[in-house]
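Worksheet: one structure, shown below.
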Amino acid sequence: MNTNRIIFWIAVYLALVLAPLGLLLAGPVPAGRGFALDAALALGYLALAVMGVQFLLTARFRRATAPFGIDIIYYFHRLIALVGLALLVGHVLLVYRAKPGLGALLLSGAMPWHLAAACASLGLFALLIGLSLWRKQLHTHYEPWRRLHGALAVAAVLLAVAHVEGSGYYLHEPWKRAAWTGGALGWVLLIGYIRLLKPALMLRRPYRVTAVQAERANTWTLTLQPEGHAGLRFLPGQFTWLTLGHSPFAANEHPFSIASSAEHPERLDLTIKDLGDFTHTIRQVKPGAAAYLDGPYGAFTIDFHPAASGFVFIAGGVGIAPVMSMLRTLADRGDTRPLTLLYGNMHWENVIFREELEALRARLPLDVVHVLQEGHEGWDGETGFLTQDVLARHLPLAAEGREYFVCGPKPMIALVERGLHGLGVPQRHVRSELFDLV
Amino acid sequence: MREHLARWLALTTGLLLLAAALAFARWQNPLEGAPPATAPAPAPALVSEGSAVYEAQGCALCHAIGGEGDPQHPLDGIGARLSPERIRGFIAPAEAMRASLPAEVFEFKQQFRDLPPEDLDALSAYLSSLR
Ligand SMILES: Cc1cc2nc3c(=O)[nH]c(=O)nc-3n(C[C@H](O)[C@H](O)[C@H](O)COP(=O)(O)OP(=O)(O)OC[C@H]3O[C@@H](n4cnc5c(N)ncnc54)[C@H](O)[C@@H]3O)c2cc1C
């Protein structure tokens with residue numbers, strides 16, 4: 001893939017979290033205060049740097065997220081938050097161990113404000129991470145959770161900055177203190193970019209709903225046209241965040257794959273399954289309604305693999321959406337490489353785009369294999385799940401240079417990935433898109 | 001699969017950050033400056049002399065030992081962290097220690113540089129005995 005760009009952005013990330021620690025060693029450096037205490041302080045500084053850069057990771061900068069696919073960035077955001085929390089806990093335990101007298105201070109009631117800020121910050125970070133890990137178990141809706149998440153993050157980082165201001169050994173030098181505080185506040189200001197500047201830019205590039213088409217299986221296709229601009233230049237298989245029925249400033253947006261051809265950016269189809277509060281409202285959307293898009297994002301695209309000898313798509317349910325975009329684009333381009341689609345659904349009556357897939361077979365060297373969980377009377381195709389046996393029967397395993405794209409519900413993706421692995425398909429040729437980001 | 005990449009990246013980053021913290025601490029505390037683990041305990045007479053100087057000089061205005069004094073800057077266990085020479089550097093800070101203390105504290109502590117060397121020896125022996 002684009003390994004160089006990946007390495008470049010990893011290096012940028014590491015520089016952003018490590019450089020602030022290096023800054024402490026620039027110019028006149030305070031004397032060491034013992035290995036354990038200095039290790040503890042370094043952990044604290046690193047933890048704050050990690051938490052600060054979290055704002056950047058979720059600011060959705062397209063150039064930086066493109067080589068990875070934004071889903072990896074979100075996973076990383078989640079996992080590195082745990083790393084940051086571990087560093088923070090290590091900081092607290094080691095400081096306490098190196099300065100045992102501090103315990104009395106915490107209990108004395110004479111706690112200085114910067115230690116109170118530290119305690120509050122630690123508590124908020126723990127709360128923030130707990131709420132994120134157990135959001136679904138706590139039955140918290142996505143939108144209120146997201147707002148709370150942002151507010152907690154800002155508060156926790158500001159309190160940590162206050163703690164560093166008040167107690168920061170290594171920052172007695174005024175310019176170092178200014179650089180540290182300024183840098184940390186800079187990360188917090190990114191919220192301003194995300195919540196104000198980005199929506200303002202989206203407002204200047206509105207879209208109109210031109211059609212709402214019912215598909216099978218409680219699914220609807222929303223067609224959008226750009227208003228007064230050229231539309232979205234995207235790669236087939238990528239997705240976009242959709243704001244509908246709200247102002248972009250409301251931060252009420254949902255990610256959807258673009259299902260239409262990348263050769264026609266002037267007309268975008270989003271194929272949306274009714275799965276919850278927002279998706280349930282799609283059927284009532286009237287043509288003429290305003291919509292806003294933030295995108296495109298994602299690395300789930302054939303266009304990252306121009307040298308492939310052909311493509312294999314394995315989709316489940318509405319996971320067909322990004323695959324449709326790739327098939328429609330390939331057809332519009334007159335591509336002649338061999339294509340295979342394995343498409344899993346509950347019943348025949350649930351198979352979205354059944355007819356169009358049939359029509360696409362006339363325009364493309366495309367094999368379509370339907371796999372129904374429950375076959376009907378007279379169905380002589382595959383039934384059951386997309387198991388390794390089913391894959392073995394239909395995939396062009398002997399062919400060299402095929403790239404695999406898997407999209408569907410989580411259990412299906414896991415099953416297919418295991419099956420492909422079992423059949424000896426190298427992992428580097430398999431990529432999957434999960435519709436469950438948060 | 002993609003989760004694995006993210007997991008691997010996060011874990012590697014975490015280990016790298018830990019290594020950076022340890023490297024930072026080692027850089028700041030070269031092995032030769034550390035208090036030897038088996039340092040002989042300072043002579044009891046010197047320690048009690050140092051304790052008296054500590055009282056007399058009002059160190060407890062800013063520091064606490066065993067919960068007595070200002071708890072913001074506890075000195076308990078400092079003998080396990082810093083060598084007597086380093087401790088002395090913090091008591092009566094020379095110019096090179098300017099960056100190690102808040103400016104007003106650095107200025108305030110200049111007066112301790114005029115203490116008789118025996119008192120400073122006794123003070124650092126006393127603090128070194130806090131382990
Ligand atoms: C990269 C990607 C591409 C997607 N493409 C499609 C597609 O082409 N067609 C399709 O039907 N669905 C797609 N989805 C799924 C779609 O985003 C969710 O089904 C939708 O956001 C659910 O919203 P809701 O309010 O109706 O459901 P809710 O009842 O609110 O939530 C159901 C679950 O959906 C997820 N979710 C809700 N809101 C968001 C949000 N704003 N951002 C991220 N996740 C959210 C949460 O996990 C939530 O628990 C895609 C998701 C991702 C991440």
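The values are calculated or read from the model by the stated rules, or taken from the named source; none is laboratory data. These numbers were taken from a predicted model, which means no experiment stands behind them. Virtual Cβ from ideal backbone geometry, glycine too; neighbours counted across all protein chains shown. SASA here: full protein model, heavy atoms, side chains in, ligands and nucleic acids out. Shrake-Rupley method; radii C 1.70, N 1.55, O 1.52, S 1.80 Å.
Which of the residues belonging to segment A:272-285 are out of contact with any helix residue (DSSP H, G or I) (no Cβ under 6 Å at 6 or more places or on another chain), within 9 Å of the ligand (Cβ to nearest atom) and either among the acidic types (D, E) or open to solvent by 10 Å² or more (accessible area, probe 1.4 Å) (or both)?
Of everything in segment A:272-285, those that are out of contact with any helix residue (DSSP H, G or I) (no Cβ under 6 Å at 6 or more places or on another chain), within 9 Å of the ligand (Cβ to nearest atom) and either among the acidic types (D, E) or open to solvent by 10 Å² or more (accessible area, probe 1.4 Å) (or both) turn out to be A:L275, A:G276, A:D277, A:F278, A:T279, A:H280, A:T281.
Answer with yes or no whether A:A155 is more than 16 Å from the ligand (Cβ to nearest atom), surrounded by fewer than 18 Cβ atoms within 10 Å (Cβ to Cβ), at pLDDT 95 or above and assigned to a helix (DSSP H, G or I).
In short, yes.
Kindly indicate which of B:P42, B:P84 is touching a helix residue (DSSP H, G or I) at 6+ places or on another chain (Cβ under 7 Å) and open to solvent by 40 Å² or more (accessible area, probe 1.4 Å). Break it down into steps so the answer makes sense when it comes.
Working: B:P42 fails: open to solvent by 40 Å² or more (accessible area, probe 1.4 Å).
Criteria check complete, one pass: B:P84.
Can you tell me which of (1) crowded, with 16+ Cβ neighbours inside 10 Å; (2) in contact with a Phe, Trp or Tyr (Cβ under 9 Å, 6 or more places away or on another chain) is the one A:L94 doesn't meet?
Failed condition: (2).
Quick check on segment A:306-316: of everything there that is open to solvent by 20 Å² or more (accessible area, probe 1.4 Å) and either assigned to a strand (DSSP E or B) or touching a residue at least 60 places away in the same chain (Cβ under 8 Å) (or both), which residue is nearest to the ligand (Cβ to nearest atom)?
Checked segment A:306-316; the qualifying residue nearest to the ligand (Cβ to nearest atom) is A:A307.
Tell me, which residue of segment A:228-257 that is in contact (Cβ under 8 Å) with a residue 40 or more places away in the chain and more than 14 Å from the ligand (Cβ to nearest atom) is least open to solvent (accessible area, probe 1.4 Å)?
So in segment A:228-257, the residues in contact (Cβ under 8 Å) with a residue 40 or more places away in the chain come out as A:232-245, A:247-249, A:251-253, A:255-257.
Okay, now just the ones that are also more than 14 Å from the ligand (Cβ to nearest atom), so A:232-233, A:247, A:249.
Details: A:L232: 15, A:R233: 204, A:S247: 52, A:F249: 93 Å².
This residue is A:L232.
Is one or more of the residues making up segment B:62-79 under 18 Å from the mean Cα position of the chain (by Cα) and away from chain A (no Cβ under 11 Å)?
yes
Looking at A:L360, A:L339 in this structure, which one is surrounded by 20 or more Cβ atoms within 10 Å (Cβ to Cβ) and modelled with pLDDT of 95 or more?
After ruling out the rest, the residue left standing is A:L339.
Filter segment A:109-132 down to the residues that are more than 16 Å from the ligand (Cβ to nearest atom) and of a type in the set (G, A, S) and list them by number.
A:G109, A:A110, A:A116, A:A117, A:A118, A:A120, A:S121, A:G123, A:A126, A:G130
Against the definition (among the charged types (D, E, K, R), within 12 Å of the ligand (Cβ to nearest atom), open to solvent by 30 Å² or more (accessible area, probe 1.4 Å) and over 21 Å from A:L105 (Cβ atoms)), how does A:R135 come out, yes or no?
no
What is the number of the single condition among (1) modelled with pLDDT of 95 or more; (2) closer than 25 Å to A:N2 by Cβ; (3) near the ligand (Cβ under 10 Å from one of its atoms); (4) not aliphatic (A, V, I, L, M) that A:D269 does not meet?
(2)
Where residues in segment A:395-427 are open to solvent by 60 Å² or more (accessible area, probe 1.4 Å) and in contact (Cβ under 8 Å) with a residue 40 or more places away in the chain, which of them is nearest to the ligand (Cβ to nearest atom)?
Ranking the candidates gives A:P409 first.
With respect to the numbered conditions (1) crowded, with 19+ Cβ neighbours inside 10 Å; (2) more than 11 Å from chain B (Cβ to nearest Cβ); (3) over 13 Å from the mean Cα position of the chain (by Cα), which one is the sole condition not fulfilled by A:R63?
(1)
Considering only residues that are hydroxyl-bearing (S, T, Y) and in a helix (DSSP H, G or I), look in segment A:125-147 and name the one that is nearest to the other protein chains (Cβ to nearest Cβ).
Per the criteria, the residue is A:S132.
Any idea which residue in segment A:186-206 is farthest from A:P20 (Cα to Cα), counting only those that are in contact with a Leu (Cβ under 8 Å, 6 or more places away or on another chain) and open to solvent by 30 Å² or more (accessible area, probe 1.4 Å)?
The initial filter retains those residues of segment A:186-206 that are in contact with a Leu (Cβ under 8 Å, 6 or more places away or on another chain), namely A:187-188, A:190, A:202, A:205.
With open to solvent by 30 Å² or more (accessible area, probe 1.4 Å) added as a condition, the list becomes A:187, A:205.
On the way: A:W187: 13, A:R205: 38 Å.
Filtering segment A:186-206 for residues that are in contact with a Leu (Cβ under 8 Å, 6 or more places away or on another chain) and open to solvent by 30 Å² or more (accessible area, probe 1.4 Å), the one farthest from A:P20 (Cα to Cα) comes out as A:R205.
Which of the residues spanning segment A:85-124 are under 28 Å from the mean Cα position of the chain (by Cα) and at the interface with another protein chain (Cβ under 9 Å from one of its Cβ atoms)?
A:A86, A:L87, listed by residue number.
Restricting to segment A:208-227, name every residue that is within 12 Å of A:D269 (Cα to Cα), within 12 Å of the ligand (Cβ to nearest atom) and either within 19 Å of the chain's Cα centre (by Cα) or open to solvent by 40 Å² or more (accessible area, probe 1.4 Å) (or both).
A:W220
Among the candidates A:G27, A:G44, single out the residue that is more than 7 Å from chain B (Cβ to nearest Cβ), over 21 Å from the mean Cα position of the chain (by Cα), open to solvent by 10 Å² or more (accessible area, probe 1.4 Å) and over 17 Å from B:A23 (Cα atoms).
One residue alone meets the criteria, A:G27.
Pick from segment A:428-438 the residues that are of a type in the set (D, E, K, R) and open to solvent by less than 40 Å² (accessible area, probe 1.4 Å): which of them is farthest from the ligand (Cβ to nearest atom)? Full working, then the answer.
Residues of segment A:428-438 that are of a type in the set (D, E, K, R), as a first pass: A:428, A:431, A:433, A:436.
Applying the additional criterion that residues be open to solvent by less than 40 Å² (accessible area, probe 1.4 Å) yields A:431, A:433.
Details: A:R431: 12, A:E433: 6 Å.
Restricting to residues being of a type in the set (D, E, K, R) and open to solvent by less than 40 Å² (accessible area, probe 1.4 Å), the top hit is A:R431.
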